[in-house]
Amino acid sequence: MATGFPYEIRDVDPETNRQLLRDFTGERTGFLKVGPQEWLLASKYRRLAAEVYNFKVRPDDVWVVTFPRSGTTMTQELVWLVANDLDYKTASKVDLLQRFPFIEFSIVNHDDFIAELKAENAGSPGAQATLDSLAASQVDVLDQAASPRFIKTHLPLSLLPPDLLSAGCKVVYVARNPMDAAVSFYYQNRLLRNMGYVGDFPKYWDYFQKGLVPWCPYWPHIIEAWNQRNNPNLLFMFYEHVVKDMPGTIRKVAMFLGKQMTDAQVHKLADHMHIDNFRNNPSVNMDVLDKLGIISKNEQSFIRKGKPGGWASEFTPEMKESCDKWIEENLSNTDLRFPW
Ligand code: A3P
């Protein structure tokens, strides 16, 4: 147990680790299982666990917390613009990664992988510094950042500072149905070389159901936040609702952050958030990572289809059947229900 961190961190068993390292080629050392839920995280989390858990929150921090591929990026942009009085000028000039740091980003940027990218980018001094910053702890950056801070994480609530909600931070949690989240994460894990997934989707889905994809297990991640949905400092939303009713979502977020918006402002922001505009917005579509060579060619884009229900074409009838059972089992002890 690391000092100042209450949970056990252990290595995944050697055989599973060998398989995972073969399929997730961005990680080089091995995966960890953390705490009683056995959260699966990359090896660098061992160094970061206590730092994040003991991170000094400030009452005016705004966090976006999600299981990966649940609409994090669009929620970050929406939250940032609402909180910053619709400052589109800064939003277009400063990359979202900088405006809204990803607190555990360093753990998916393995030091060996970053060293390889530095060699690939040997001719570019600017790229060297950016790559170093991707491998370094964002906790230090955030400690030095001016308030109000905007913080993204995929870590579940139980691995975050225990005073997060009681200190007054505003937390927006977005959940997405597990099939679409898994399909979307699969394509993203193929796309991003720091994840470097090389297997097919059926194998990925098998890992996902077994909690062997980074930031899994899926269910406790969602349920921990669902159980806090009545906390006045946590706004729980479903991706499916967000895309169905963007103006309604904007109003909800504005009310949560104590901001007033006119109808015209709401509609302008809804248009800004439209996936077609989002896809072409270099400030949110991971253009920075593309320039560094972290994005693979010939894979689906980071901002992909942006529609609920796309999973159906990826699942065989057998996968769907076992998935239905898995969902039923996991929903039996909770009143959480997805709007699909
Ligand atoms: P798909 O891969 O299903 O298209 P995250 O930001 O958490 O990584 O989530 C990514 C998912 O949100 C992707 O889903 C992506 O296409 C979708 N997305 C991103 N921007 C969106 C937007 N403006 N509207 C709707 N969906 C969006």
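The values are calculated or read from the model by the stated rules, or taken from the named source; none is laboratory data. Model, not experiment: these values are computed from the prediction. Heads up, the Cβs are rebuilt from the backbone with ideal geometry, glycines too, and the neighbour counts pull from every protein chain shown. The accessibility values were calculated without ligands, DNA or RNA, using every heavy atom of the protein model including side chains. Shrake-Rupley method; radii C 1.70, N 1.55, O 1.52, S 1.80 Å.
What ranking, highest mean first, results for peptides 46-54, 235-243 when packing means the other Cβ atoms within 10 Å averaged over each residue? Present the calculation step by step, with values, prior to reporting the outcome.
On the way: 46-54: 18.6, 235-243: 20.4.
Descending packing order for the listed peptides: 235-243, 46-54.
Please find, in a Gaussian network model of the chain (springs between Cα atoms separated by less than 10 Å), the residue of Ala42, Ala225, Ala312 whose mean-square fluctuation is greatest.
Ala312
What does the accessible area per residue of segment 205-300 come to in Å², with a 1.4 Å probe and no ligands, DNA or RNA counted?
On the way: 4630 Å² over 96 residues.
On a per-residue basis, 48 Å².
Pull up the cross-link candidates among the lysines for Lys44, meaning alpha carbon to alpha carbon under 17 Å and not fewer than 8 places away within one chain.
Leaving aside lysines fewer than 8 places away in the same chain, those within reach of Lys44 are Lys33.
Return the aspartates and glutamates within reach of Lys210: Cα separation strictly under 13 angstrom, same-chain partners fewer than 8 residues apart disregarded; answer none if there are no such residues.
Glu38
Which one of Lys89, Lys291, Lys259 has the biggest mean-square fluctuation once the chain is modelled by GNM with Cα springs under 10 Å?
Maximum fluctuation in the GNM of the chain, among the listed residues, is at Lys89.
What ranking, highest mean first, results for peptides 114-126, 293-305, 60-72 when packing means the other Cβ atoms within 10 Å averaged over each residue? It would help to have the intermediate numbers written out before the result.
Details: 114-126: 13.1, 293-305: 14.7, 60-72: 23.5.
So the peptides 114-126, 293-305, 60-72, ranked by packing, come out 60-72, 293-305, 114-126.
Under a Cβ-Cβ cut-off of 10 Å, what is the net charge of the residues other than Tyr187 that fall near it, where Lys and Arg count +1 and Asp and Glu count -1?
Working: positive: Arg69, Arg190, Arg304, Lys305; negative: Glu299, Glu314.
Summing Lys and Arg as +1 and Asp and Glu as -1 gives +2.
Per the 1.4 Å probe, what fraction of the accessible area of segment 65-193, in percent, lies on carbon and sulfur atoms? Kindly include the intermediate steps, with their values, before the conclusion.
Numbers: 2090 of 4030 Å².
About 52 percent, which is the carbon plus sulfur part of the accessible surface.
Run lengths n ≥ 4 of DSSP H only: what is the helix-derived mean residue ellipticity at 222 nm for the chain, with -39500 (n - 2.57) per run over all residues, to the nearest 500?
Details: 17 runs with 155 residues, N = 340.
Helix contribution divided over all residues of the chain: -13000 deg cm²/dmol.
What's the local net charge at Pro156, with K and R +1, D and E -1, over the other residues with C-beta under 13 Å away? Could the numbers behind the result be given before it?
Numbers: positive: none; negative: Glu38, Glu104, Glu224.
Here the charged neighbours net out to -3.
Under 18 Å from a label point 7 Å along Cα→Cβ of Glu318: give me every residue in segment 206-235 with its amide N that close.
Within reach of a label on Glu318: 206-210.
Put +1 on the Cβ of every Lys and Arg and -1 on every Asp and Glu Cβ in segment 122-235; which of Val183, Tyr173, Tyr197 then has its Cα farthest towards the positive end of the dipole?
It is Val183, whose Cα lies furthest towards the positive end.
At 7 Å along the Cα-to-beta-carbon direction for both Arg10 and Val141, put a label point, then send me their distance in nm to one decimal.
Taking the two extended label points, one gets 3.4 nm.
Which of Gln76, Gln37, Gln144 moves most in a GNM of the chain, Cα contacts under 10 Å?
Among Gln76, Gln37, Gln144, the largest GNM mean-square fluctuation belongs to Gln144.
Grab the eigenvalues of the alpha-carbon gyration tensor for the chain, scale each by 5, take roots, and send me the semi-axes largest first in whole angstrom.
Values: eigenvalues 151, 122, 96 Å².
Each semi-axis is the square root of five times an eigenvalue, giving 27, 25, 22 Å.
Starting with the highest mean, order 326-332, 26-32 by the number of other Cβ atoms within 10 Å, averaged over the residues of each peptide. Intermediate results must be reported in sequence, preceding the final value.
On the way: 326-332: 12.6, 26-32: 19.0.
Ranked from most to least packed, the peptides come out as 26-32, 326-332.
Please state the relative contact order of the chain as a whole percent: Cα pairs under 8 Å, 6+ residues apart? Kindly include the intermediate steps, with their values, before the conclusion.
Values: 497 pairs, mean separation 78.3, N = 340.
It rounds to 23 percent for the chain.
Which of Lys56/Lys268; Lys118/Lys268; Lys152/Lys291; Lys259/Lys305 have a Cα-Cα distance over 32 Å? Could you put the intermediate results ahead of the total?
Details: Lys56/Lys268 35 Å; Lys118/Lys268 40 Å; Lys152/Lys291 22 Å; Lys259/Lys305 30 Å.
Beyond 32 Å between Cα atoms: Lys56/Lys268; Lys118/Lys268.
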